[in-house]
Amino acid sequence: FRVGRSRRSKGTEEVVVMKRFVCSREGVYKKKQTSPDEATRKRERMSMREGCNAMMEVVRESDHWVVSKLEKAHNHDLGTCSTKVGYLRARGLLGGSDKVTMLGPDEMAFLRQNVLGEGGDAQGLIDYLKKAQANDPAFSHAIQVDKNGCVVNVFWADARAKAAYRHFGDAVTFDTSYKKNKYMMPFVTFSGVNHHLQPVIFGCALLMEETEFSFVWLFETWLSAMGGKAPCSLVTDQNRAMKAAIVKVFPNSCHRFCKRNILSRTKQKLTHVYTEHPTLRDELESCVLESETIATFETKWASIIDKYDLRKNSWLQAIYNIRQKWVPLYLMDTFFAEIAPTWKLESMSDFYRKYFNTKTTLEVFLNQFNLSMASQYEDEAKADMDTYLNKATTKTASLIEKQAASTYTKAIFSKFQEEFTESLGFIIQKTSDGCISKYSIRKDEDPTETFYVTYNASNKMAKCSCKYFEFSGILCRHILGVYIIVDPRTLPPDYFLRRWTRKARDDDALLEDYNNYHDEDPSESITSRYNVLCVDAIRCAEKGAGSEEVYKATKDILQKAYQEIIAYERNPGRGSQRDAININEDVTIDDAVNDQSMPDSGPKVHLILYYKFIRRILLNIILCYWCKFSRWY
């Protein structure tokens, strides 16, 4: 679309009171008569005009805009112009991304038509959600409608997304990258990173309104689907409406603006400056991403500003004023699951560029997205397999390094190993002795950057001034250097966050966390029993989908287990359950079931035993088949 006509106020000519947006193919091209000399100087340009009458006219009423005329019919393929609505919004012609409440009902319908299909028909989307619900009982979705019953926003999350959140939902990124690209599919995701440093999705939404009300609805709906447990940290783009909603829904979560988005916008804002000074971009990014202390960051930033005479640059001044909201160094006391400052999770912008173009329909988009998610699950399964079957390689004979190699996944151990290796190059001096000792750590080549570690001999715990462990969940090189001196054998178990270890998805730990969090007896609620058993079932599915051979064997084992469950249900306490329990030579539950001295307290005892029995079967299936599969390799 382009602006075809506008009108200003008669009293104040600076105020625009009407704008008409017409299709880029509006009108008819009239070829000008040119002289032979002009024809040789000017290249003939192809016209895009086809006489299209599609248009939208808006008029100003007091402090808002209203759609006064709308013609949606085009005389050509919509693929090349339907996405241009995003251009109108990005340019602020209708109030900007933070004032979407100005959009009239006709304009919202026009946007819904571009996303949901001709006439704004959402039936295809509803069918997709119904099918997903039928295939996945744990699937959650919600639809927000306006007063006219039209779809405004849609949210959904499947069982895998919920399971991933229970394991890795401590640090969440709310990705709205679609606003930065031309594809105009209002698709947003809640995402994070797993124990292999791979991206995981915690839920998705189609967000056609960006008001505070819509963000509050989406955040509350997502939080409810995830069990009500808010993340420790939340990374988002800059948006006033979003920020206000986060304060209401996530008051205890640390909210940070995405540094990558700010650096990307800096590139756009300083294009002319970057052209004049080619080294400026690298220096700014190095200042933000590679500075190890706040003092170093401040010094480098001031040096860059002075070097390129940018003190009057309003954009740089603005992002510097809010540096506590996006520069990681100011937020190191909060966990963000970021292992390295320069490490970058694939954003949805990359996802769009990889899989879609301007003609992608919603149906194709959703199907392609599902395929992409399946590929991510496969990548995680392969990484699990690699971690279990291939031993990580250590570089030293240190017991600490060996302990980490046997505890972490290979991807995390690689990052730990970098820190451990770097710890060998520091000069460490004890500055204070006693029960709590203090150490100063520095390098010869940079004595200005000194870090301080305190070590408590009573509990063998240490803290560093860099706060890297609090931020990333992995010990820093400074603390590791101190441990090599004071206790070179093993690290305290508290320093190995479960979310980074091989047991990150361990079902026993997950079940324990689940029961502690909900603080209820599974025998008291069908929903509680169902949710806990789903964890075990999903684990079976994840392992069973690794290959065709594993799938066939797992399916056969599960069918036999199901028959055992049915037999037990018909005659609890007797018969076939003994054979099933004997899979792993475990008689604990068997003894409890058959112990004649055990008082009969009615249906509750049978429910507890039935629940424990089913859970034991599923866990034993995984153990037995995993041992068998490992021998194959």
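The values are calculated or read from the model by the stated rules, or taken from the named source; none is laboratory data. Fair warning: this is a prediction, and the values are worked out from it, not measured in the lab. Virtual Cβ from ideal backbone geometry, glycine too; neighbours counted across all protein chains shown. Heavy atoms of the whole protein, side chains included, go into the accessibility calculation; ligands, DNA and RNA do not. Shrake-Rupley method; radii C 1.70, N 1.55, O 1.52, S 1.80 Å.
The label-point distance for Cys232 and Glu418, in a model that sets each label 7 Å from Cα toward Cβ, rounds to 2.0 nm. A simple spin-label model places pseudo-atoms 7 Å from Cα toward Cβ; at His272 and Lys307 they are separated by 2.3 nm.
Counting only protein heavy atoms and using a 1.4 Å probe, the accessible area of Arg498 comes to about 110 Å². Cross-link pairs exceeding 20 Å in C-alpha to C-alpha distance, out of Lys395/Lys543; Lys415/Lys543; Lys259/Lys300; Lys248/Lys269, comprise Lys395/Lys543; Lys415/Lys543; Lys248/Lys269. Remark: the stretch 206-302 carries a charge dipole of roughly 180 debye about the Cα centre, counting +1 on each Lys and Arg Cβ and -1 on each Asp and Glu Cβ. Provide the FRET efficiency to the nearest 0.05 for the Leu389-Glu470 pair, computing r from the beta carbons and using R0 = 35 Å. So the FRET efficiency works out to roughly 0.60. Here the calculated FRET efficiency for Glu449 and Asn148, from their Cβ-Cβ distance with R0 = 60 Å, stands at 0.50, rounded to the nearest 0.05.
Fully extending the segment from Asp333 to Asp282 would add 15.7 nm, taking 0.36 nm per residue of separation and subtracting the current Cα-Cα distance. The heavy atoms of His272 offer some 110 square angstrom of accessible surface to a 1.4 angstrom probe.
In the context of the full protein assembly, Ser432 retains an accessible surface of approximately 40 Å², using a probe radius of 1.4 Å and ignoring ligands and nucleic acids. Using 0.36 nm per residue and subtracting the Cα-Cα separation, the extra length available between Leu263 and Lys382 on full extension is 39.5 nm.
Legend: calculated FRET efficiency, Thr299 to Lys560, from the Cβ-Cβ distance at R0 = 60 Å, rounded to 0.05, equals 0.35. Along the charge dipole of the stretch 119-275, pointing to its positive end and built from +1/-1 on Cβ of Lys, Arg, Asp and Glu, which listed residue (Leu270, Asn194, Ser253) has its Cα farthest out? It is Leu270. Dipole check for the stretch 126-165: with +1 at the C-beta of Lys and Arg, -1 at the C-beta of Asp and Glu, and the Cα centre as origin, the magnitude is about 60 Debye.
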